[in-house]
1. Tell me yes or no: at least one residue of segment 165-177 is assigned to a helix (DSSP H, G or I), of a type in the set (S, T, N, Q), within 21 Å of Ala37 (Cβ to Cβ) and open to solvent by 20 Å² or more (accessible area, probe 1.4 Å).
2. Looking at segment 137-160, which of its residues are within 18 Å of Pro115 (Cα to Cα), free of Cβ contacts under 8 Å to residues at least 60 places away in the same chain and open to solvent by less than 30 Å² (accessible area, probe 1.4 Å)?
3. Can you find a residue that is at pLDDT below 90, closer than 20 Å to Cys155 by Cβ and not in a loop (DSSP other than H, G, I, E, B) anywhere in segment 77-92?
4. Do we have any residue at all in segment 190-198 that's under 13 Å from Trp96 (Cα atoms), touching a residue at least 40 places away in the same chain (Cβ under 8 Å) and of a type in the set (A, V, I, L, M, F, W, C)?
5. Within segment 185-211, which residues are touching a Leu at 6+ places or on another chain (Cβ under 7 Å), open to solvent by 50 Å² or more (accessible area, probe 1.4 Å) and within 18 Å of Lys166 (Cα to Cα)?
6. When you go through Ala191, Ala152 one by one, which is the residue that is within 18 Å of Gly90 (Cα to Cα) and under 16 Å from the mean Cα position of the chain (by Cα)?
Amino acid sequence: RRGLVHVARSRPDARFRRRLPGFNRPLVYVPLDFYTAAGQIRDAKRRLRECRSVIVSNDCLAAVLRPLANVVTVDHHGLDVYEGPRAFTGTGSVLWVGVQTYAPLLIAWYERHRPDWPLVVLSNTGGRRLFHASELRHSDRVTVTKWTPETAVRCGAQCEFAVDFKDDSFYQQTKPHTKPVQCVASGLPLALSAGHPARAYLQRRFGLTVP
């Protein structure tokens, strides 16, 4: 009996297809964090057209893929629900979750706005080297914790709201809305940078206007 073949992240090439048991099985592709430029998608158009469906969780990525493939959009699942009190006072800690390569966006926001709130950072590194030479490296109002599922739940429950930033690069504009979805699922107030692609998504999907 023929079944679907599901591939996530790496793009299935011809050699992969030849090695499948049953060469003609329908292929469903989920390009999570794979494409860094629109040109990569254009170059892959033949392979994309061979897929039964391409599943994405980002409207910007869907718009680029739609002329080349049968695109299905789905909501990104909430990885870690932050359970805790949600009485908003405006004086509690603010949460930022991100890998080290995105830290410059956090640094720019912090140095521009000088927020009074304590900052809780969850990242792929537990040290302050992600802040480079910025003043955040030495601030006593910043806590840096290495991300794990357990620390994400614990820190998310302790914070009063969260911030997330995206620049205008193709890669960041087409990433899944992981952290905004987690915040919505948790009831955690959220602020997004101007031009963040999750703004339009949250408005369309949930009727939410995010500051």
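The values are calculated or read from the model by the stated rules, or taken from the named source; none is laboratory data. The model shown is predicted, which means the values in this text are computed figures rather than measured ones. Cβ: placed from backbone, ideal geometry, glycine included. Neighbour counts: every protein chain shown. For accessibility, only protein heavy atoms count, side chains too; no ligands or nucleic acids. Shrake-Rupley method; radii C 1.70, N 1.55, O 1.52, S 1.80 Å.
1. Checked against the condition, which is being assigned to a helix (DSSP H, G or I), of a type in the set (S, T, N, Q), within 21 Å of Ala37 (Cβ to Cβ) and open to solvent by 20 Å² or more (accessible area, probe 1.4 Å), segment 165-177 yields at least one hit.
2. Ser139, Val142, Val144
3. Checked against the condition, which is being at pLDDT below 90, closer than 20 Å to Cys155 by Cβ and not in a loop (DSSP other than H, G, I, E, B), segment 77-92 yields no hits at all.
4. Within segment 190-198, none of the residues are under 13 Å from Trp96 (Cα atoms), touching a residue at least 40 places away in the same chain (Cβ under 8 Å) and of a type in the set (A, V, I, L, M, F, W, C).
5. Matches in segment 185-211: Arg199 only.
6. Being within 18 Å of Gly90 (Cα to Cα) and under 16 Å from the mean Cα position of the chain (by Cα) holds for just one of Ala191, Ala152, which is Ala191.
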